Amino acid sequence: MITRRLAAVLASGMFILGACNSTASAPPAASGGGSASGCKVGVSWSSTSFPYGAAAIARSKQTAKNFPHMTLFTADGRGDATTQSSQVDDLVARGVKVLIISPFDAKALAPAVKRAEAKGVKVIASDRSVDAPVTTYVGADNVEDGQTAGRYVIKLLHGNGNVIELQGSLGASPTIARHKGFAEALAGAPGVKVIASETANYDRATGLKVMEDMLQRFHSGKIDAVFAHNDEMAIGAIQAIREAGRQDQIKVVGIDGQESALRLVKAGQYAGTAVYPLPVPEHILAAAKACAGESLPKRIKQATPLVTQSDVAKYDGTTF
């Protein structure tokens with residue numbers, strides 16, 4: 001999949017630096033590989049404990065191998081804004097010219113981003129936005145994903161029903177935007193009501209626990225659908241629903257489109273998921289352009305199709 005995506009982006013005219021890669025030693029907070037010559041690029045990710053973050057880092061390393069004179073450093077924020085802020089400072093101290101960041105918290109990471117920019121570092125927000133000026137922002141539109149999920153829930157419920165919303169990490173830009181989009185969609189269907197909204201931190205086990213609590217709180221016939229801000233929480237919710245024997249009563253809709261979720265969609269256990277694609281190879285290609293001093297658009301937007309059982313086959317092997 002990464003090879004096809006890279007070829008497609010290159011064909012669209014994105015700039016590539018050349019034909020080899022370098023590696024460099026890294027500080028404890030960041031990892032990287034080979035000589036320190038050329039353009040140093042740092043990738044700071046909010047957390048790699050989830051499939052999306054782990055895949056983003058792995059594919060960033062893979063894509064960077066196609067570029068000459070690019071030394072890539074990576075850092076895992078471990079789901080903590082203070083840790084990630086410190087890692088950003090470490091990457092700047094290593095002399096990165098370009099910083100790619102997916103912030104754990106849009107506001108909390110803004111000071112670190114501003115410090116990097118003050119040092120002349122070009123910043124690319126990836127996956128998540130940050131509350132600071134950046135060179136470009138690469139990613140899908142989370143509001144649109146929320147709207148897509150909301151419209152599908154309305155369709156599934158024929159305009160009437162009760163919904164549980166499982167939100168992501170509080171303060172994270174996708175959480176804010178996906179909730180906003182979902183609420184906007186439901187505003188056009190007064191018969192569909194969110195009867196409870198709880199955070200499950202984008203985590204499968206937490207999604208399972210929160211959904212178990214919801215099933216105890218709202219007895220049979222009181223919940224018609226669940227909207228989860230990502231597939232991991234949705235998968236946890238599906239497990240809780242099935243264990244309670246209520247799978248025929250409750251439809252689950254989510255966001256991300258990870259491979260494990262698509263398998264559940266194919267099996268008819270997951271009503272649908274709005275794809276939130278990995279921002280790779282796009283953010284590495286954008287970093288290459290920034291290294292070369294080329295201009296970038298302020299927004300590099302990715303498509304976010306809805307995947308249901310009727311069309312899941314065409315997405316096999318295309319996500320993460």
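The values are calculated or read from the model by the stated rules, or taken from the named source; none is laboratory data. Since the model is a prediction, treat every value here as computed from it, not as a measurement. Virtual Cβ from ideal backbone geometry, glycine too; neighbours counted across all protein chains shown.
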key: Of the criteria (1) more than 22 Å from the chain's Cα centre (by Cα); (2) assigned to a helix (DSSP H, G or I); (3) within 25 Å of SER47 (Cα to Cα), which one GLY95 fails   = (2)
query = For residues in the stretch 242-270 being over 26 Å from ALA54 (Cβ atoms) and in contact (Cβ under 8 Å) with a residue 40 or more places away in the chain, which is surrounded by the most Cβ atoms within 10 Å (Cβ to Cβ)?
reply = LYS251
request  = Output yes when any residue across the stretch 126-142 is outside any loop (DSSP other than H, G, I, E, B), modelled with pLDDT of 95 or more, surrounded by fewer than 23 Cβ atoms within 10 Å (Cβ to Cβ) and among the charged types (D, E, K, R), and no when none is.
outcome  = no
message = When the residues of the stretch 271-298 are narrowed to those that are in contact (Cβ under 8 Å) with a residue 60 or more places away in the chain and small (Gly, Ala, Ser), which ends up farthest from LYS314 (Cα to Cα)?
response = ALA292
query = Could we say that ILE100 is at pLDDT 95 or above and in the same structural domain as LYS209 (by TED's automatic domain parsing) here?
reply = no
task = Answer yes or no as to whether GLN239 is surrounded by 20 or more Cβ atoms within 10 Å (Cβ to Cβ) and either touching a helix residue (DSSP H, G or I) at 6+ places or on another chain (Cβ under 6 Å) or outside the structural domain of VAL192 (by TED's automatic domain parsing) (or both).
result = no
ask   = Does ALA54 qualify as being more than 15 Å from the chain's Cα centre (by Cα) and not assigned by TED's automatic domain parsing to the domain that holds MET233?
value = no
task = Just need a number here: residues in the stretch 278-289 that are surrounded by 24 or more Cβ atoms within 10 Å (Cβ to Cβ) and closer than 11 Å to VAL98 by Cα.
result = 5
